[in-house]
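S.K.: Can you read through this structure? Questions will come right after.
The values are calculated or read from the model by the stated rules, or taken from the named source; none is laboratory data. All figures in this text were calculated on a predicted structure; none of them were measured in a lab. Virtual Cβ from ideal backbone geometry, glycine too; neighbours counted across all protein chains shown. Quick note on the areas: whole protein, heavy atoms, side chains included, nothing else; ligands and nucleic acids left out. Shrake-Rupley method; radii C 1.70, N 1.55, O 1.52, S 1.80 Å.
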Amino acid sequence: SARADYHNEQFQAAQERFLQQLELGLATGGIALKPYVYGNRILVDGTSAAAFQPTKFDASGTCVGGVFREKAQANDKYYVRLEYHNLEGTTYTIQNKAYRSDSSGSVGPAAALNEVPDWADIPPEVKIENLEGPLFAYFKMPGTNPIDKTSPLGVSCFAKALEQIEQADRQHDRLLW
């Protein structure tokens, strides 16, 4: 059908970027993939562990809640938008909150979303009924987290080799000397 062809075309386009996003997820320990509509296209935003914090897992270990962070600059101010996703039963809630600061490295007091032109049309809260799963997927590195064995979060694919990487770096410095 035309609908199936459209979805297949959108999937193929997203798949091209997936390898880059997967590489980022392997290096940082996890990545959240969030599809969204942009014009007549469906795009997939890949958010690394540095800008996504899982907040809730269901009994099977599936991530069903999290916070996405986005930064922006407008009017000589720095802004952070936190987008909270939470699935409770079949009710899905998305909350958006903005914060303003004078420096890029800090989060200041609450701000209105419309202070950043790109965020002006984002509603502060949306509730969607009758959903069976989250509107994002979270990929984490498989295996046990060697840093915190009780954590459901993944760690970098290099985490178990840090000592060997440091030794190789020291040996390289010796060779250069």
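S.K.: Is the shape of the range 1-113 best called rounded, prolate or oblate, per the rule: a/c under 1.5 gives rounded, else a/b larger than b/c gives prolate, else oblate, with a ≥ b ≥ c the square roots of the Cα gyration tensor eigenvalues?
M.R.: Here the range 1-113 falls in the prolate category.
S.K.: Take the alpha carbon gyration tensor of the range 58-105, find the square roots of its eigenvalues, order them as a ≥ b ≥ c, and report rounded if a/c is under 1.5; if not, report prolate when a/b exceeds b/c, else oblate.
M.R.: In terms of gyration-tensor shape, prolate.
S.K.: Rounded to the nearest 0.05, what FRET efficiency do residue 121 and residue 13 have when you use their Cβ-Cβ distance and R0 = 25 Å?
M.R.: E between residue 121 and residue 13, to the nearest 0.05, is 0.55.
S.K.: While we're on this one: How much length is gained on full extension from residue 150 to residue 38, taking 0.36 nm per residue of separation minus their Cα-Cα distance?
M.R.: This chain segment gains 36.5 nm when fully extended.
S.K.: Roughly how many whole Å is it from the C-alpha centroid of the range 106-177 to that of the range 16-70?
M.R.: Using only Cα atoms, the two centres lie 9 Å from each other.
S.K.: Give me the 1.4 Å probe accessible area per residue for the range 104-176, excluding ligands and nucleic acids, in Å².
M.R.: 75
S.K.: Full extension from residue 2 to residue 106: what is 0.36 nm times the residue separation minus their Cα-Cα distance, to one decimal in nm?
M.R.: 32.6 nm
S.K.: Can you sort 19, 43 by 1.4 Å-probe accessible area, starting with the largest?
M.R.: Descending accessible area places them as 19, 43.
S.K.: Angle check, please: helix 162-176 long axis (alpha carbons) against the longest principal axis of the chain (alpha carbons), in degrees 0 to 90, nearest 10.
M.R.: Here the helix axis deviates by roughly 60 degrees.
S.K.: May I pose another question? Ignoring ligands, DNA and RNA, please state the percent of accessible area on the chain from carbon and sulfur, probe 1.4 Å.
M.R.: That fraction is 54 percent.
S.K.: So which aspartates and glutamates pass the test for residue 160, namely a Cα distance under 20 Å, with those fewer than 8 places away in the same chain ruled out?
M.R.: Result set, ordered by chain and number: 23, 148, 169.
S.K.: A further question follows. So which lysines can residue 56 reach, going by Cα to Cα under 21 Å and dropping same-chain residues fewer than 8 places off?
M.R.: Within the straight-line limit of under 21 Å, residue 56 reaches these lysines: 34, 97, 127, 140, 149.
S.K.: Just to confirm the number: angle between the C-alpha axis of helix 2-28 and the first principal axis of the chain, 0 to 90 degrees, nearest 10?
M.R.: Long axis of 2-28 versus the principal axis of the chain: about 40 degrees.
S.K.: Now for a separate question. Name the residues whose placed amide hydrogens come within less than 5 Å of the amide hydrogen of residue 74, ignoring near sequence neighbours (fewer than 5 apart) on the same chain.
M.R.: Close amide H contacts, sequence-distant or interchain: 79.
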